[in-house]
Amino acid sequence: MKRELLITFSAFFFMSFTAFAGVYAGESNEKTVTISEDKVDVTGDGKKDLIYVKGVPYEEGAQFLKKIFLKIRASNGEIYKIDLEGGYDPATIYKDLNHDSVKDIFISIPTGGSGGLSNYFLYSLRDFQVTNLTVPEPLAVSSQFEDGYKASITIEETGQSYSFDLSDRKDDYERLGLYQDGKLNEPTELMVLPFGLLEPVKFKNGLYGLKGIQRINGAYNADGIANLESSWLYENRKWKLLSAEVNP
């Protein structure tokens, strides 16, 4: 009986190990594509480094990349790999955003969702040390629809408040059941999205920072109300909010 159990266990172990080895081998043979290749000095030694953005398609011929990563062949002969998140059409910009006189690597990766959102990454490789500088968090906003086909928002970081007259959309809102004869059926917040756009900009002081745009929608994604624009500068190893405003 013991001998039979031992044979059964051994067979199970061998099958499990074989299956595991097969999965591992399959992952290691995933097809990798090169999206971009740039020569930029990102270490600060005056020599250009070779920077690749690479990805693994979800399937043969697919535009969506389930894996995206940076591969940097630095001037010192070392190779650095930085894993990012999946998405579509990653784009890379090289600007000195932390103001240490060395260009940083800023990457945007569209998610492909209906909200037009992207993921953003910022890395420094100064002195051959990989540092994740991160990007600013989207502004926090409290919002609500109000009786009379109106809405209001308050930017929590600054205390700025804005009101909107949405009476030109009353027929749509009544049809959706959001209002009944101008009376709000239940407390409802607006849709304040994360950054749909975040990009490096040069400010008047000659320093580079970031400009972000967050879309504010009403009852659904296509019900655009306004854009929340913010400007950011990197100081003392963190992002400082310079300004924020809402534009209808």
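The values are calculated or read from the model by the stated rules, or taken from the named source; none is laboratory data. Please read all numbers here as calculations on a predicted model, not as lab measurements. Neighbour counts run over all protein chains shown; Cβ positions are idealised from the backbone, glycine included. All accessible areas refer to the heavy atoms of the entire protein, side chains included, with ligands and DNA or RNA removed. Shrake-Rupley method; radii C 1.70, N 1.55, O 1.52, S 1.80 Å.
Computed values, structure above
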item: Per-residue SASA entry for Ile35, accessible area with 1.4 Å probe, Å² rounded to 10; result: 60 Å²
item: Cα-based reach from Lys48 at 22 Å (exclusive), listing lysines while leaving out same-chain residues under 8 positions away; result: Lys39, Lys71, Lys81, Lys95, Lys103
item: Reciprocal mean inverse distance between Cα atoms of region 77-138 - Kirkwood radius, Å; result: 12.8 Å
item: Length-normalised contact order for region 115-226 - Cα pairs under 8 Å, 6+ apart - percent; result: 20 percent
item: At most 11 other Cβ within 10 Å, DSSP loop - GluC sites (Glu not before Pro), region 87-162; result: Glu156
item: Expected 222 nm ellipticity per residue - DSSP helices of 4 or more, -39500 (n - 2.57), all of the chain, to 500; result: -4500 deg cm²/dmol
item: Diffusion coefficient, µm² s⁻¹, Stokes-Einstein with Kirkwood Rh over alpha-carbon pairs of region 158-203 at 25 °C and 0.890 mPa s; result: 177 µm²/s
item: Accessible-area value, Glu199, 1.4 Å probe, nucleic acids and ligands omitted, Å²; result: 70 Å²
item: Given the chain, longest segment not containing exposed loop trypsin sites (Lys or Arg not before Pro) (DSSP; at most 10 other Cβ within 10 Å); result: 32-203
item: Summed side-chain charge close to Glu85 - residues other than Glu85 whose Cβ falls under 11 Å, Lys, Arg +1, Asp, Glu -1; result: +1
item: Additional length obtainable on full extension of the chain from Asp181 to Asn29, 0.36 nm per residue less Cα span; result: 48.6 nm
item: Lys, Arg +1 and Asp, Glu -1 on Cβ, resulting dipole of region 102-248 about Cα centre, debye, nearest 20; result: 820 debye
item: Most mobile listed residue (Leu178, Leu228, Leu65) in the chain, GNM with C-alpha springs under 10 Å; result: Leu178
item: Spacing of the two label points (7 Å from each Cα toward its C-beta) at Glu174 and Asp127, in nm; result: 6.8 nm
item: Given charges at beta-carbon only (K, R positive; D, E negative), |dipole| of the chain in Debye; result: 1040 debye
item: Computed over region 109-158, the ratio Rg/Rh where both radii use C-alpha atoms and Rh is Kirkwood; result: 1.22
item: Ser101 - accessible surface, heavy atoms, 1.4 Å probe, Å² rounded to 10; result: 110 Å²
item: Diffusion coefficient, µm² s⁻¹, Stokes-Einstein with Kirkwood Rh over alpha-carbon pairs of the chain at 25 °C and 0.890 mPa s; result: 112 µm²/s
item: Calculated FRET efficiency for the pair Glu60/Asn205, C-beta based, R₀ 45 Å, to 0.05; result: 0.35
